[in-house]
Amino acid sequence: EAQVTQNPRYLITVTGKKLTVTCSQNMNHEYMSWYRQDPGLGLRQIYYSMNVEVTDKGDVPEGYKVSRKEKRNFPLILESPSPNQTSLYFCASSSYRDRSYEQYFGPGTRLTVT
Amino acid sequence: GNSVTQMEGPVTLSEEAFLTINCTYTATGYPSLFWYVQYPGEGLQLLLKATKADDKGSNKGFEATYRKETTSFHLEKGSVQVSDSAVYFCALSVPPYGQNFVFGPGTRLSVLP
């Protein structure tokens with residue numbers, strides 16, 4: 001089954017404790033992206049990657065890191081989480097279909113930083 | 001820059017009522033337009049899309065028409081069901097990096113039996 005998977009689905013942590021949220025896709029997509037979703041703000045892009053070893057900042061990159069060593073994986077790293085990073089996070093990958101790109105989303109990771 | 005504006009929610013309707021969720025956009029270049037739906041506890045799923053002016057996207061009884069003259073892409077459904085309760089996001093992507101999407105804030109729809 002074609003899918004984007006994220007782990008963990010839920011995470012509660014404390015300020016300053018480094019964490020990684022994994023994302024993997026099995027559709028051989030070149031483009032992957034991370035978003036955060038906050039009430040009233042919709043989805044905001046954190047980082048994206050056009051291909052292996054090619055990453056770039058989105059709209060809200062502060063406090064996050066990413067890496068793209070393999071095509072299928074795109075982990076999101078919070079080196080020193082803070083309470084304002086409490087949010088719902090989505091990973092997505094993208095393919096070209098029917099004259100446009102379409103994004104496929106993972107199930108989300110709900111992160112709480114205390 | 002590129003942006004998407006949606007009507008504020010929540011929207012509450014009775015089953016079989018008519019639904020309209022307004023969406024307008026600003027974009028540099030010629031965007032593709034999308035509606036995504038997020039059911040409780042799940043990620044976003046593509047509902048429908050349109051890639052050029054006057055195109056109509058449709059799926060599961062939902063429709064939206066790409067109106068370039070009014071920069072709009074309003075979502076409509078003639079008769080909503082309880083199972084349509086979800087959050088709906090309007091979005092666009094613009095060349096040359098069509099993979100980069102801009103999303104609206106989302107509109108929560110609740111359908112009552």
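The values are calculated or read from the model by the stated rules, or taken from the named source; none is laboratory data. Computed from a prediction, not measured in an experiment: that's the story for all the values here. As a convention, Cβ positions derive from the backbone with ideal geometry for all residues, glycine included, and neighbour counts pool all protein chains shown. Remember, those area values only see protein heavy atoms, side chains included, never the ligands or the DNA or RNA. Shrake-Rupley method; radii C 1.70, N 1.55, O 1.52, S 1.80 Å.
Below are the figures for this structure:
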| item | result |
| --- | --- |
| Euclidean distance between Cα centres, the range A:1-68 to the range B:10-32, Å | 27 Å |
| Sequence of A:Ile12, B:Ile21 from largest to smallest accessible area, 1.4 Å probe | A:Ile12, B:Ile21 |
| Förster radius 35 Å - calculated FRET efficiency between B:Asn22 and A:Gln3 (Cβ-Cβ, nearest 0.05) | 0.65 |
| Interface size A-B, as summed buried accessible area [1.4 Å probe, Å², nearest 100] | 1700 Å² |
| For B:Thr71, solvent-accessible area (1.4 Å; no DNA, RNA or ligand), Å² | 50 Å² |
| Sparsely packed trypsin sites (Lys or Arg not before Pro) within the range A:1-45, loop by DSSP, other Cβ within 10 Å at most 11 | A:Lys17, A:Lys18 |
| Per-residue ³J(HN,Hα) for the range B:34-46, Karplus 6.51 cos²θ - 1.76 cosθ + 1.60, θ = phi - 60°, Hz, x for Gly and Pro | 9, 10, 10, 10, 10, 7, x, x, 10, x, 7, 10, 5 |
| Relative contact order of chain B, pairs being alpha-carbon contacts under 8 Å that are 6 or more residues apart, as % | 36 percent |
| The range B:1-85: trypsin sites (Lys or Arg not before Pro) in DSSP coil with no more than 16 other Cβ atoms inside 10 Å | B:Lys52, B:Lys60, B:Lys68 |
| Debye log10 I(q)/I(0) for the protein assembly as shown, one point scatterer per Cα, at q = 0.12, 0.14 Å⁻¹ | -0.65, -0.88 |
| Solvent exposure, largest accessible area first (probe 1.4 Å, DNA, RNA and ligands not counted), of B:Leu44, A:Leu41 | A:Leu41, B:Leu44 |
| A:Met27 accessible area, 1.4 Å probe, all protein chains in place, Å² to nearest 10 | 50 Å² |
| Kirkwood Rh, angstrom, chain B [1 / mean 1/r, Cα pairs] | 14.0 Å |
| Estimated translational D of the range B:18-79 in µm²/s (Stokes, Kirkwood radius over Cα pairs; 4 °C; 1.567 mPa s) | 107 µm²/s |
| Shielding score for B:10-20, defined as the mean number of other chain Cβ atoms within 10 Å | 0 |
| Partner chain coverage, peptide B:37-48 - average Cβ within 10 angstrom | 4 |
| Accessible heavy-atom area order of A:Glu1, A:Glu102, B:Glu63, highest first, probe of 1.4 Å | A:Glu1, B:Glu63, A:Glu102 |
| Cα point-scatterer Debye curve for the range A:32-114, base-10 log of I(q)/I(0) at q = 0.12, 0.23, 0.24 Å⁻¹ | -0.35, -1.19, -1.27 |
| A:Lys65 accessible area, assembled protein chains, probe 1.4 Å, Å² | 100 Å² |
| Test item: A:93-102 mean partner chain Cβ contacts at 10 Å | 5 |
| Most positive-pole-ward Cα, B:Gly61, A:Tyr47, B:Val11, against dipole of the protein assembly as shown from beta carbon charges | A:Tyr47 |
